[in-house]
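Data block below; observations after.
The values are calculated or read from the model by the stated rules, or taken from the named source; none is laboratory data. Remember, predicted model here, so these are calculated numbers, not experimental data. Because the Cβ atoms are built from the backbone with ideal geometry, glycine has one as well, and the counts that use them run over all protein chains shown.
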Amino acid sequence: MTVSGSDHPSRAAVFLADPDRSGWHDNALWQIRGRRDQRARALPEWEALRALAGRIKAHTLSELPEYLTSFEANARRHGAEVHFARDAAEHNRIVLDLLRSRGITRVVKSKSMLTEECRLNPWLEHHGLEVTDTDLGELIVQLRREPPSHIVLPAIHLRKEDVAQTFSRVLGAPPLSDAQSLTEFARQHLRAKFLAAEAGITGVNFAVAETGGIVVCTNEGNADLGTSLPALHIACMGMEKLIPRAADLPVFLRLLARSATGQAITAYTSHYHGPRPGGELHIVIVDNGRSQLRAEPEHRSSLYCIRCGACMNTCPVFRRSGGHSYAAHVPGPIGSILAPLRKPTEHQSLPHACTLCGSCTAVCPVGIDLHEQLLTLRRRQVDGPALLELNGTAYRASTLKRTFTALAGWVLASSWRTAWLGVAVRFLGHRFPALMRLGPLGRWSKTRSLPALPLRSFHEEYARRQARLPRASGRPSRGPGQ
Amino acid sequence: MRIDHPNPRVALFVPCYIDQLYPDVGMATLELLEAHGVRVEVPPQQTCCGQPLINTGAVAAARPLAERFESTFGEYEHIVCPSGSCAATLRRHPHLLGGQPAGASGRVLELCQFLVQVLGVEHVDVDFPHRVALHESCHGLRELGLGRPSEMGAGFVPKPNPGRQLLEGVRRLTLVEPERADECCGFGGSFCIVEPDVSARMGTDRIDDFERSGAQIITSGDMSCLMHLASLMAAQRRPLAVMHIAQVLVGRPIPGTGEPGTGAGR
């Protein structure tokens, strides 16, 4: 599936063109959402836990410089090296330098949305290194040279037939049809990569300021293998991954797996305090726009995100349109906030890829007001304060849209203008029905009939009724027995 | 929270698209309220809650509408609106428009909310011998708090859904349930225009679910969801019909069949 451009509706149309796939995708994610819902109902303190997690994140962000400083000191105390990167390019340079200076050419990597954000894989490959994604879903999309379509389930847009075809085309696998043999094939393929690797790159789910430790959660144990075999471990994290204390960790661990997949906890929750004996641990902490986001009062809470994917699983749009339709490294509701804040022109359609149903806000384990922020972004597109590109230019909605909404506001601000517009539309609609298929109405009637236009509006009907009624009965009094 | 004053002033706010496209929904609402002894006034200066503008981002263009709403409805004790999402927009005016205190918009109630919570109506005396499914609209559910959103976890205290309470009291009405209790229909205001493919797919999935439930009628407190579903069903020649909950509660006939619902709303 290749689509150019980042317009959500047209990319969604491509995914929806295969109705079976879209239906299957929707059902798969709906099942996962169902498991999350069961967990959420089974834990008496669920809603309290969500509120607490949001408060911890708000507090951490408000004291972020102090927590970064103490994390750095404590991590160094354990023998880890800590690097700070202003942006994606600096992050990639740091990682490449670490690898090159040690003559490393083969790297295994566990799932990290940050390295997707920084586009680390293409950078390292461009410099002649071999990077193997070791999360099964990530491996599948890497072999297909596609980005992940979901942050927790990177290959959820694919069926096992697609996976079998990919393994056979790229890796020369024999024809396999069941999930178990496909997994076994991937396991054997990865085993060789693990054994040959000279460095392991991981993401970071949580970094604890008080202890200087980092925590990586996986279900496949691939991060553990990747950090146990090679001597060099590079852990890449956005600076918002910090939490203050070890005692805060259980709050997030309990929420994360339940929200993500409906598990009580991830299969592997690995804690790293410094390098293993004889090894090296380098932690790269990345800003890449997070400081600016932290300074945006209406969007600051989008930095609370723990990348559980619950907003994607519950989003009725995401389930139908697939993750690739968002053309952003983080798709779905949270991605529709993060991407336009960084590149407002490129991602201008994302705040509108939402019905404002509010379910994302209701599931978010850290209490991000996702749908409210999408509405805020729409407002900033039209009314401002304008969203800024990295080079400082402002994005504004098209003149056509701003003129149209201003005109609509002018009509609706007067009852007679509204009434006369209604009369005109009904007259034209009855006389020239083809007119009702022009412009935006054409996009309505692409798949839908137009509602039959009534002869008169409610207010006209009401005026006629009041004129017919004798005054007394037109104003009924309260009946007895209410 | 019943009306204690013998003659409280109650106004009906009919959302713009109901006024223009579904006059009978407005009439049914009026008849339902009058049948319960409410003296309803319909201020003629009313227009729109501003939702179509606010939800596309044109908040500044919506401010004059909000001012107009305040000047039109300022003197009423209760303002009743037969649309969950318009009622939710009005209730959220201070938040959405930034700053101004809640005035009349803070006294808006969705129709079923008013009937159950203010008038204390327990059942409506009407006979409606059909299988009916209630489409729980997102804004009614999550913004007005009419019911329990299916994703909420333990510790969330839901309020009962007044529309459901009223339907349960209707004689010979069989409530049937879709598999997905509160899945969004895909209307979403401007969403249905800017995302026509996703919107149509969501609506079609919702219709399939209602069809499997055995419903003859899909009803809702939100006519905009029903407009979207009905327009898809008409294009796909589906056998189901939609009726606004006020039309069900006054026993209007099923549209397109001439099959009578019976009773006059009391």
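Descriptive notes on the structure:
- Among the residues of the stretch B:53-82, those identified as within 7 Å of chain A (Cβ to nearest Cβ) and touching a residue at least 12 places away in the same chain (Cβ under 8 Å) are B:53, B:55, B:56, B:59, B:62, B:65, B:68.
- Residues in the stretch A:166-221 that are in a loop (DSSP other than H, G, I, E, B), touching a Lys or Arg at 6+ places or on another chain (Cβ under 6 Å) and over 25 Å from residue A:307 (Cβ atoms): A:198 only.
- Filter result (of a type in the set (Ser, Thr, Tyr) and crowded, with 17+ Cβ neighbours inside 10 Å) within the stretch A:391-449: A:395, A:405, A:415, A:418, A:447
- Condition check for residue A:467: more than 8 Å from chain B (Cβ to nearest Cβ) and not in a helix (DSSP H, G or I): no
- Restricting attention to the stretch B:11-36, the residues that are without any contact (Cβ under 8 Å) to a residue 12 or more places away in the chain and not hydrophobic (A, V, I, L, M, F, W, C) total 4.
- Among residues of the stretch A:411-464, those that are acidic (Asp, Glu) and at the interface with another protein chain (Cβ under 7 Å from one of its Cβ atoms), counted: 1
- Residue check, residue B:85 assigned to a helix (DSSP H, G or I), within 13 Å of another protein chain (Cβ to nearest Cβ), out of contact with any Leu (no Cβ under 7 Å at 6 or more places or on another chain) and farther than 19 Å from residue B:8 by Cα: yes
- Residue within the stretch A:351-369 that is of a type in the set (S, T, N, Q) and either more than 10 Å from chain B (Cβ to nearest Cβ) or surrounded by fewer than 18 Cβ atoms within 10 Å (Cβ to Cβ) (or both) present: no
- Within the stretch A:1-55, being among the hydroxyl-bearing types (Ser, Thr, Tyr), at the interface with chain B (Cβ under 10 Å from one of its Cβ atoms) and without any contact (Cβ under 8 Å) to a residue 40 or more places away in the chain holds for one residue alone: A:10.
- Of the helices (runs of 4 or more DSSP H) contained entirely in the stretch A:299-383, those carrying at least 1 residues that are of a type in the set (Gly, Ala, Ser) and over 21 Å from residue A:138 (Cα atoms) fall at A:332-342, A:359-363.
- Filter result (without any contact (Cβ under 8 Å) to a residue 60 or more places away in the chain, surrounded by 24 or more Cβ atoms within 10 Å (Cβ to Cβ) and assigned to a loop (DSSP other than H, G, I, E, B)) within the stretch A:107-150: none
- For residue B:161, the conditions (1) away from chain A (no Cβ under 14 Å); (2) farther than 30 Å from residue A:259 by Cα all hold with the exception of (2).
- Among the strands (runs of 3 or more DSSP E) confined to the stretch B:156-266, the ones with at least 3 residues that are at pLDDT 95 or above and surrounded by fewer than 23 Cβ atoms within 10 Å (Cβ to Cβ) are located at B:174-176.
- Subset of the stretch B:172-199 (residues that are over 23 Å from residue A:375 (Cβ atoms) and either touching a residue at least 60 places away in the same chain (Cβ under 8 Å) or within 7 Å of chain A (Cβ to nearest Cβ) (or both)): B:173
- Only residues that are more than 7 Å from chain A (Cβ to nearest Cβ) and outside any helix (DSSP H, G or I) were counted across the stretch B:14-37, and they come to 2.
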